[in-house]
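Let me begin by presenting the structure, written as structure tokens, before commenting on it.
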């Protein structure tokens, strides 16, 4: 399993998040992966009860992987629950110290904080990522 071989999304091995998820998706979609042998594709198809599957062309397979991974760089891949903003307001009103702790990449955290308007509730000192400084934070505008 790739998660065992490359813990923390391969960050310690110098693998980009895109490369890591490309490997995960290539394994997940083995029945359609043109880089796998016919035997590997058939075994994966049978394990998943998918039946016989023809591999995609290299170009189609790469395009599929690219589109899936790029989707997770957009707001549409994420959502927050309806009670998040009211909860954050209540915490802020009651002077409750809050933080964000995540193993997400800085670019994804920036997207989530900005797109869902969560950044006014946190300072750079309140956000903890395992691999990134918050140089991007200065580009966020505080909303009062």
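The values are calculated or read from the model by the stated rules, or taken from the named source; none is laboratory data. None of these values were measured; they are calculated from a predicted model. Note that we place each Cβ from the backbone using ideal geometry, even for glycine, and neighbour counts take in every protein chain shown.
Of the conditions (1) modelled with pLDDT under 90; (2) surrounded by 12 or more Cβ atoms within 10 Å (Cβ to Cβ), residue 144 fails just one. Which one is it?
Here residue 144 clears every test but (2).
Restricting the first residue to the stretch 1-22 and requiring it to be over 19 Å from residue 65 (Cα atoms) and in the same structural domain as residue 65 (by TED's automatic domain parsing), which pairs with a second residue that is modelled with pLDDT under 75 and surrounded by fewer than 16 Cβ atoms within 10 Å (Cβ to Cβ) meet a Cβ separation below 6 Å and a spacing of at least six or different chains?
Here the result reads 11/131, each pair linking the stretch 1-22 to a residue that is modelled with pLDDT under 75 and surrounded by fewer than 16 Cβ atoms within 10 Å (Cβ to Cβ).
Kindly list the number of the only condition in (1) out of contact with any helix residue (DSSP H, G or I) (no Cβ under 9 Å at 6 or more places or on another chain); (2) part of a loop (DSSP other than H, G, I, E, B) that fails for residue 67.
Going through the list (1) out of contact with any helix residue (DSSP H, G or I) (no Cβ under 9 Å at 6 or more places or on another chain); (2) part of a loop (DSSP other than H, G, I, E, B), residue 67 breaks only (2).
Within the stretch 77-98, can one find any residue that is outside any helix (DSSP H, G or I), at pLDDT below 85 and within 25 Å of residue 11 (Cα to Cα)?
No - not one qualifying residue is present in the stretch 77-98.
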